[in-house]
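The values are calculated or read from the model by the stated rules, or taken from the named source; none is laboratory data. Just so you know, these numbers come straight off a predicted model, no measurement behind them. In this analysis, Cβ positions are derived from the backbone assuming ideal geometry, glycine residues included, and neighbour counts consider all displayed protein chains. Heavy atoms of the whole protein, side chains included, go into the accessibility calculation; ligands, DNA and RNA do not. Shrake-Rupley method; radii C 1.70, N 1.55, O 1.52, S 1.80 Å.
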Amino acid sequence: MPARLFLSSGDLMADRRFEFARDLQLKGDLPAAADLLMQAIELVPDFTSAWFTLADIREELGEHDAAIAAFRRAQASDANDRHGAGLRLMRLGAEPVAGMPQAYVQTLFDQYAPRFEASLVDDLGYRGPALLFKAVLSVRSAARRPAYFKRAIDLGCGTGLAAAAFARTVDHFIGVDLSPRMIERSRATGLYAELDVADMLQGLRARPDASADLILAADAMVYVAELAPVLAEAARVLAPGGLLAFTTETHDGEGVVIGQGLRYAHAAAYVRVVVESTGLKLPLLEDRSARNEDGAPAPGLVAVAAKT
């Protein structure tokens, strides 16, 4: 993943104390790092990065209430919540599970873009596009229909990995991603006829009814808490006989949770209910891991929904 986001306080002394604190944190001297961060905050009370890093340290030290208080200060000091303090509050149980701030997702992937493929494929064994391709072929084969699509939409297209997997089966690819830097990388592949900087819901809302034969979301639904709005728009945009294929992470409980990696995990029963509520059919829902986490396959699902 990208390096830790840093938002300058605008005060040189405060920024230097932050830098020294980060060095101490990386060396494992958490109490000394926390002291320096408090000094930086005394100089600039709304120093977002200092509050966020202090909260991180408080959590690591097991100081639950102090961590929550510091994350709240980090969130309050940046209206766009680019650090994702709200997500950390959800993970700590201090806030209900809700959607991710757009600015957080955009900032994350703008930072991530330069080494996205190396990190995801080489470090995390990412296999989402291959899983989706195999799943789509399986559904088409069972329906005795060719796996050929005139128009496809790649939601959260990133650097174009899903389009590369489906390139020989799609005439016209449309890529949608919230990160301008990811869109730049997708454009360089030459795989897309159209590219839009937008989140998934916005990207779908911009498309006419029954205008796509295939919609893909490889490793993108993990950044969406509530799937229903996206799936409902996908159902509208799909032409009759079209497919929506996506991966998501999952868990053994109910509903939606946010994991340690600040990604949403959707229970299989939840996915099934949401898909069916949109009027789509669900010919395939399988347990498949799209990537590794901490050296082990992250529990996941591959879903293919069909519009009849």
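Taken together, Asp213, Asp209, Asp287 contain a single residue that is without any contact (Cβ under 8 Å) to a residue 60 or more places away in the chain and closer than 23 Å to Leu178 by Cα, which is Asp209. For the stretch 253-267, a residue qualifies if it is within 16 Å of Met221 (Cβ to Cβ) and either hydroxyl-bearing (Ser, Thr, Tyr) or surrounded by fewer than 17 Cβ atoms within 10 Å (Cβ to Cβ) (or both), and the qualifying residues are Gly255, Gly259, Gly261, Tyr264.
Inside the stretch 83-115, residues that are within 15 Å of Tyr223 (Cβ to Cβ), under 15 Å from the mean Cα position of the chain (by Cα) and basic (Lys, Arg) make up a count of 0. Residues in the stretch 205-224 that are outside any helix (DSSP H, G or I) and either surrounded by fewer than 17 Cβ atoms within 10 Å (Cβ to Cβ) or acidic (Asp, Glu) (or both): 7 in all. Among residues of the stretch 69-89 that are more than 19 Å from Tyr264 (Cα to Cα), those with a beta-carbon under 6 Å from a residue that is crowded, with 23+ Cβ neighbours inside 10 Å and of a type in the set (Phe, Trp, Tyr) at least six positions away or on a different chain give the pairs Ala70/Trp51; Arg73/Trp51; Ala74/Trp51; Ala74/Phe52. Among the residues examined, Gln75 does not qualify as open to solvent by 30 Å² or more (accessible area, probe 1.4 Å), under 30 Å from Asp11 (Cα atoms), modelled with pLDDT under 95 and not acidic (Asp, Glu).
Scanning the stretch 91-139 for residues that are closer than 24 Å to Asp81 by Cβ and not in a helix (DSSP H, G or I) yields a count of 10. Determine whether Glu276 is more than 21 Å from Arg91 (Cα to Cα) and either open to solvent by less than 30 Å² (accessible area, probe 1.4 Å) or in a strand (DSSP E or B) (or both). No: the conditions fail for Glu276. Under the condition of being part of a strand (DSSP E or B) and either touching a Gly at 6+ places or on another chain (Cβ under 7 Å) or of a type outside the set (Phe, Trp, Tyr) (or both), the residues counted in the stretch 147-162 number 6. Cβ separations smaller than 9 Å between residues 6+ apart or across chains give the following pairs from the stretch 238-254 residues that are under 17 Å from Val170 (Cα atoms) to residues that are aromatic (Phe, Trp, Tyr): Gly242/Phe149; Leu243/Phe149; Ala245/Phe133.
Within the stretch 231-249, count every residue that is in contact with a helix residue (DSSP H, G or I) (Cβ under 8 Å, 6 or more places away or on another chain), within 20 Å of Ala135 (Cα to Cα) and in a helix (DSSP H, G or I). Total satisfying the criteria: 2. Are there any pairs with C-beta distances below 9 angstrom linking a residue in the stretch 131-159 that is over 16 Å from Ala290 (Cβ atoms) to a residue that is of a type in the set (Phe, Trp, Tyr), with the two at least 6 apart or on different chains, and if so which? Taking only residues 6 or more apart or on different chains, the pairs are Arg140/Tyr148; Ala147/Phe133; Ala147/Phe166; Phe149/Phe166; Arg151/Phe173; Ala152/Phe166; Ala152/Phe173; Ile153/Phe173. Among all residue pairs at least 6 apart or on different chains, which show Cβ distances below 9 Å where the first residue, located in the stretch 1-27, is of a type in the set (Phe, Trp, Tyr) and exposed (fewer than 14 other Cβ atoms within 10 Å of the Cβ) and the second is modelled with pLDDT of 95 or more and outside any helix (DSSP H, G or I)? Pairs that qualify, where the first residue is of a type in the set (Phe, Trp, Tyr) and exposed (fewer than 14 other Cβ atoms within 10 Å of the Cβ) and the partner is modelled with pLDDT of 95 or more and outside any helix (DSSP H, G or I): there are none.
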